[in-house]
Amino acid sequence: MTEQTASWRVNFRQTASYQIRKAPDIFHPNNRALSSPGRKFGDRRFVVVDQTVFNTHSDEIRTYFTSNGMDAKIVTIPGGEENKSVDNYLTILYELDNFPIHRRDEPIIAIGGGVVTDLVGFAASSYRRGIPHINVPTTLMGYIDASIGIKTGVNFNFQKNRLGAFSPPLQVFLDRAFLKTLPRRHILNGVCEMIKLGLIKDRGLFNLLEHSGEACIHSKFQDETGEKILDRSIYGMLDEIQPNLFEENLARKVDFGHTFSYGLETIPDGDLLHGEAVLLDIAFSISIAHKRGLLTGAEIERILHLIDQLGLPLDHRGIDARRLWKSLEERTYHRNGLQRVPLPAGIGECIFVNDIAKDEIQAAVNQLEEWTVVKHAEIR
Ligand SMILES: NC(=O)c1ccc[n+]([C@@H]2O[C@H](COP(=O)([O-])OP(=O)(O)OC[C@H]3O[C@@H](n4cnc5c(N)ncnc54)[C@H](O)[C@@H]3O)[C@@H](O)[C@H]2O)c1
């Protein structure tokens, strides 16, 4: 800090460091993953668990904390986008406030999908101006994406993630056995994010999905190749976000599939999952990329074939170009005035564009209609 007569400048660079590690059999009483962080100074743990996960694992969870001599307050929150609400955020905070914890040494624990980890992360970021939190993802979306970054938030004023914070977790513990009970639709939901990564930065991941995606979906990623694909997806995501953790650079490859999807997820009474909306966005985006000469016809064929082969839903009913345009406008505000839309340039590479026009979006909507009509005609 330099001394001046009329003003002072404060310089401080924010850093973050956290570990993501595998912790199989996480509720085995001898597994120290959840009990050791902060152990030396505190034995109270505030634990928020997805309701569905708790229905299956309640005994194990309770036994885990008791046998480790810990006083655990367990709060359950239902999953699903409609529950990523300010009400549930406040419920967590009231419960937490009634169960006081040491501010630094008793990290709160989130066990659930992206909804629970986003909610708990945001509660942790705002309670007493920030307390440590631990993530244990239980969905594929959480395992490869939502729980491993530092973004947290809740939906507000009919907008997704309108309130939130960058809040690095203390640790993330991965146990892919949770995926065994995940319904197929939610497995496919996470696969859409894998396709995103494959298309914009990792041709090898795309190839792996072509060769083994179907079998991995069937095994719910419990086999060796499933683990390889999970690891590669996590690596790809971290490789992308680590140098830009606090999003100083607003041109982010991982925003591929997250431009038009924003408007699709907020259709009133719509029930698209995050990954399903991302996949539709991918379809519109590759159509635009193709028309701009960034993807060849053969590459488009390959991508559509993969989507079809993995049984991913491309249901675009009720989607019109106007909604997509509005979503692009909203994202342009979010990206500080420029579209910064990532488009694939060949499989595994991407560029950013700032000049997508309304008629290109209309053409992409028409194109998707054509692609899906052709697909249905083939099935018949
Ligand atoms: N913070 C981030 O960087 C980030 C990244 C991607 C997505 N997200 C957010 O994540 C959310 C979506 O996450 P999600 O897809 O995990 O949804 P989710 O948390 O709603 O979970 C999906 C469903 O699966 C159930 N469930 C959870 N674990 C289960 C298990 N092991 N077995 C059976 N059922 C289980 C839940 O109860 C819910 O019904 C969205 O709100 C999205 O915005 C955040």
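Listed values, structure above:
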| read-out | value |
| --- | --- |
| Nearest-20 debye value, the stretch 1-87 charge dipole, Cβ charges on Lys, Arg, Asp, Glu | 520 |
| Descending principal axes extents, the stretch 32-118, alpha-carbon based, whole Å | 38, 28, 19 |
| Selection from 260, 181, 237, by position along the positive dipole direction of the stretch 178-270 (Cβ) | 181 |
| Over the chain, relative contact order from alpha-carbon pairs under 8 Å, at least 6 apart, % | 13 |
| Added length on full extension, which subtracts the Cα-Cα distance from 0.36 nm per residue, residue 62 to residue 32 | 9.3 nm |
| Calculated FRET value between residue 245 and residue 5, using beta carbons and R₀ = 41 Å, to 0.05 | 0.65 |
| Simple label model, 7 Å out from Cα along Cβ direction - residue 71 to residue 219, nm | 4.5 |
| Gain on full stretching of the segment that runs from residue 85 to residue 166 - 0.36 nm per residue minus C-alpha separation | 27.4 nm |
| Highest average packing first - 333-346, 307-320, 256-269, 114-127, Cβ atoms within 10 Å | 114-127, 256-269, 333-346, 307-320 |
| Distance (nanometres) between label positions extended 7 Å along Cα→Cβ at residue 351 and residue 22 | 3.9 |
| Under 24 Å from the Cα of residue 84 - lysines, other chains or at least 8 residues apart | 73, 151, 160, 180, 196, 326 |
| The chain, accessible surface, carbon-and-sulfur percent (1.4 angstrom probe) | 49 |
| Alpha-carbon centroid distance for the pair the stretch 199-263 / the stretch 70-92, whole angstrom | 27 |
| Part-to-part distance (alpha-carbon centres) for the stretch 293-341 and the stretch 16-46, which is given in Å | 40 |
| Net lengthening on full extension, residue 105/residue 308 (0.36 nm per residue, minus Cα-Cα) | 68.2 nm |
| Estimated vicinal HN-Hα couplings, Hz - the stretch 335-349 in sequence order (Karplus 6.51, -1.76, 1.60; Gly, Pro = x) | 9, 6, x, 10, 4, 6, 8, x, 10, x, 10, x, 7, x, 10 |
| FRET efficiency, 1/(1 + (r/R0)^6) with R0 35 Å, evaluated for residue 185 and residue 363 via beta carbons | 0.70 |
| Among 12-20, 323-331, the order from most to least packed when residues are scored by Cβ within 10 Å on average | 323-331, 12-20 |
| With Cα atoms, 0 to 90° folded angle of helix 224-241 axis to the chain main axis | 90 |
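The values are calculated or read from the model by the stated rules, or taken from the named source; none is laboratory data. Bear in mind that the values here come from a model prediction, so they are computed numbers and not experimental data. As a convention, Cβ positions derive from the backbone with ideal geometry for all residues, glycine included, and neighbour counts pool all protein chains shown. Only protein heavy atoms, including side chains, enter the accessible area calculation; ligands, DNA and RNA are left aside. Shrake-Rupley method; radii C 1.70, N 1.55, O 1.52, S 1.80 Å.
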